[in-house]
Amino acid sequence: MTLYEIIIISIALAMDAFTIAVACGLCMPEVTKRHTFRLAFHFGLFQALMPVIGWAAGLTVKAMVETYAPWISFVLLSFVGGKMIYDSFQQDESCDTKKDPTKGFSLIFLSIATSLDALAVGLSFSIMNYPIAMPSVLIGITAFVLTAIGMQIGKKFSKASRYSHIAELVGGIILILIGLKLLLQ
């Protein structure tokens, strides 16, 4: 897998975090640098750790599924991409301004929810015999940066929320195309 493909996967995986960050920026009465850093740090950390966990889990089943590795990778990436596409069409216009999503259980829940797709990608990397260190770091950094950007977009442009679903749609399509490429190789 090329560096370019890993960067594209990183961007696609970060679309959930970006979308949530835009929504948080829109819904919070005030977005400080501290809020932005806290959300970006946690999203980036979880996005970096989940592929490693998936990769380690993949090592345990790799011998059993090595023959079917391209198909498994295709199915996993297509599932994640399909879910992202589906989610991009779901509209959630609710804003709960009483609760700070950058603190406590909400922060942990959002961090896990936005990084589950990275777990599946890590599993795919393991099955396909790709190393995980560099992709994991790139995935985490990308999630951090796009989360910070999303918070600022949400803060500055209240109308940007209607366009955030497009980023998630494109991310889902890209993951499916990368899965298809792995299958055809």
Open item on the list: Report the Cα-based extents of region 1-93 along its three principal axes, largest first, to the nearest Å.
Closed with: 53, 28, 24
Task: Cβ charges +1 (Lys, Arg) and -1 (Asp, Glu), total dipole of the chain, debye - done: 480 debye
Open item on the list: Let me confirm the definition first: pairs of Lys residues in region 1-160, 8 or more apart or on different chains, C-alpha distance under 23 Å. How many are there?
Closed with: 14
TODO: Could you work out how far helix 133-156 tilts from the main Cα principal axis of the chain, as a 0 to 90 degree angle to the nearest 10?
DONE: 20 degrees
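At 1.4 Å probe size, put THR60, THR2, THR102 in order of accessible surface, largest to smallest. All intermediate terms of the calculation are to be shown ahead of the outcome.
Values: THR60 105, THR2 75, THR102 0 Å².
Correct descending sequence by accessible area is THR60, THR2, THR102.
Which number do you get for Rg(Cα) / (2.2 N^0.38 Å) in the chain?
Working: Rg = 16.4 Å, N = 185, 2.2 N^0.38 = 16.0 Å.
My calculation over the Cα atoms of the chain gives 1.02.
Just to confirm the filter: which chymotrypsin sites (Phe, Trp or Tyr not before Pro) across region 18-94 are DSSP coil and have at most 16 other Cβ within 10 angstrom of their Cβ? Don't skip to the end; give the middle numbers.
Values: sites: PHE18, PHE37, PHE41, PHE43, PHE46, TRP55, TYR68, TRP71, PHE74, PHE79, TYR86, PHE89; in loops: PHE89.
In loop regions of region 18-94 (DSSP not H, G, I, E or B), the sparsely surrounded chymotrypsin sites (Phe, Trp or Tyr not before Pro) are PHE89.
Could you work out the longest stretch of the chain that avoids the GluC sites (Glu not before Pro) located in DSSP loops with at most 13 other Cβ atoms within 10 Å? Don't skip to the end; give the middle numbers.
Values: sites that count: GLU30, GLU93.
The answer is 94-185.
The values are calculated or read from the model by the stated rules, or taken from the named source; none is laboratory data. Please read these numbers as outputs of a predicted model, since none were measured by experiment. Neighbour counts run over all protein chains shown; Cβ positions are idealised from the backbone, glycine included. Just the protein is used for accessible areas: all its heavy atoms, side chains included, with ligands, DNA and RNA removed. Shrake-Rupley method; radii C 1.70, N 1.55, O 1.52, S 1.80 Å.
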